[in-house]
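Heads up, the thing below is written out as structure tokens.
We did not get these values from a lab; they are worked out from the coordinates using the rules stated. In this text the structure is predicted, and so the values were computed from the model without any measurement. With ideal geometry, Cβ positions are generated from the backbone for all residues, glycine too; neighbour counts draw on all protein chains shown.
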């Protein structure tokens, strides 16, 4: 699963904006942003995200994280 797919799973607009803002601020060009969005998220991190979504800790769509 790519970082782009993870961002698409965020269900709260405010959280989405915050997450995107932090990611974009760390990059120096649109090419770097695109490269980051295309990168694969490690399985360990996906497991943490799935747990956070399941427990209601973070607004993510579990269906999109499958």
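Taking 8 Å as the Cα distance limit and 6 or more residues as the minimum spacing, I'd like the relative contact order of the chain as a percentage.
After rounding, I find 50 percent.
Measure of size requested: the Rg and Dmax of the chain, with Cα atoms as the atom set and Å as the unit; please supply both.
Rg then Dmax for the chain, in Å: 11.9, 35.
Can you tell me the orientation of helix 13-25 relative to the chain, as the angle in degrees between its alpha-carbon axis and the longest Cα principal axis, to the nearest 10?
Once rounded, one gets 40 degrees.
Quick check on packing: order 47-59, 1-13 by the mean number of other C-beta atoms within 10 Å, highest mean leading.
Ranking the peptides 47-59, 1-13 by packing returns 1-13, 47-59.
Mean residue ellipticity at 222 nm from the helices of the chain, using -39,500 (n - 2.57) per DSSP H segment of n ≥ 4 over the full residue count, to the nearest 500 deg cm²/dmol?
Mean residue ellipticity, 222 nm, calculated: -18000 deg cm²/dmol.
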